[in-house]
Amino acid sequence: MLGIDEISLKKRHKQFVLVISDISRKCILAVLPDGEKQTLENWIESLSDQQKKAIRFVSIGMWAPYYQAARNKLPRAKVVVDRFHVMNQLNQRLTQLRTRYQRQCDPETREILKGSRWIIVRNRSELSEKQSNQLNQILERFPELRTLYLLKEEFRTIFEKIKCRKKAARFPKRPATI
């Protein structure tokens, strides 16, 4: 199981490296000098045929060039987007939608949404009673936000509770647009 993830060397600087890891053995295999597709492809090409054949899964961030590199250079491997990146995207969409509502609403509704960013993106099980009540008010008032929030929570539940394909198959397939 190969992990491919880009990290920043310095905050607010565009200095990125690509970390290649063996997820099964929980170890770093390489740190590549940049996050370019060609750099990743070159690294994969440097592997022996036996090493390439041994890679069954590739976990990537949500960047199309990494997907393309993995598909092109490791055609037998299944490529999946890692959970962190999907959750991050869902939380960003929740924040964007909440912000849009907050800008467009009346003062009373704005007060309900005030300070709610962390309440909406946090795991429901980690909320205090007061925060949970505020979340319920928000979700009742904004159906679109409620739908997206429930999808995010369903996704989180799948990854936290479901450990095998058979159990995961019971969840309906959803369209890829959010």
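Computed from the coordinates by the stated procedures, all read-outs in this text should not be read as laboratory data. Bear in mind that the values here come from a model prediction, so they are computed numbers and not experimental data. Glycine also receives a Cβ, built like all others from the backbone with ideal geometry; neighbour counts cover every protein chain displayed.
In this simple spin-label approximation, Phe57 and Phe159 carry label points 7 Å from Cα along the Cα→Cβ vector, and these lie 1.3 nm apart. The slack between Lys14 and Ile28, meaning 0.36 nm per residue of separation minus the straight C-alpha distance, is 2.8 nm.
Can you tell me the dipole magnitude for segment 1-139 around its Cα centre, using point charges on the Cβ only (Lys, Arg +1; Asp, Glu -1), in Debye to the nearest 20?
Numbers: 25 positive and 14 negative charges, 28 e Å.
Using only the charged Cβ atoms, the result is roughly 140 debye.
For Ile7 and Thr109, what is the calculated FRET efficiency with R₀ set at 35 Å and r taken between the beta-carbons, to the nearest 0.05? Could the numbers behind the result be given before it?
Values: r = 39 Å, r/R0 = 1.12.
FRET efficiency, Ile7 to Thr109: 0.35.
Which whole DSSP H helices in the chain pass both tests: a Cα extent of 15 Å or more along the axis and a mean Kyte-Doolittle value no lower than -1.0? The partial results should precede the final answer.
Numbers: long enough: 83-104 (32 Å, -1.48); 129-141 (18 Å, -1.66); 143-161 (26 Å, -0.52).
Result, helices passing both filters: 143-161.
The GluC sites (Glu not before Pro) of segment 25-116 that meet both conditions, a loop assignment by DSSP and at most 16 other Cβ atoms within 10 Å of the site Cβ, are Glu36. For segment 42-57, the residues whose backbone nitrogen is under 19 Å from a point 7 Å from the Cα of Asn72, taken along Cα to Cβ, are 42-49, 52-53.
Structural descriptor for the chain: relative contact order 13 percent, calculated from alpha carbon pairs under 8 angstrom and at least 6 residues apart. Listed by chain and number, the aspartates and glutamates placed with their C-alpha closer than 18 angstrom to that of Lys161 are Asp82, Glu126, Glu153; residues fewer than eight positions away on the same chain are left out. Residue pairs exceeding 30 angstrom between C-alpha atoms, taken from Lys26/Lys78; Lys78/Lys152; Lys73/Lys152; Lys26/Lys152; Lys10/Lys37: Lys73/Lys152.
Taking every DSSP beta bridge with both residues inside segment 1-145, roughly what % is antiparallel (nearest 5)?
65 percent
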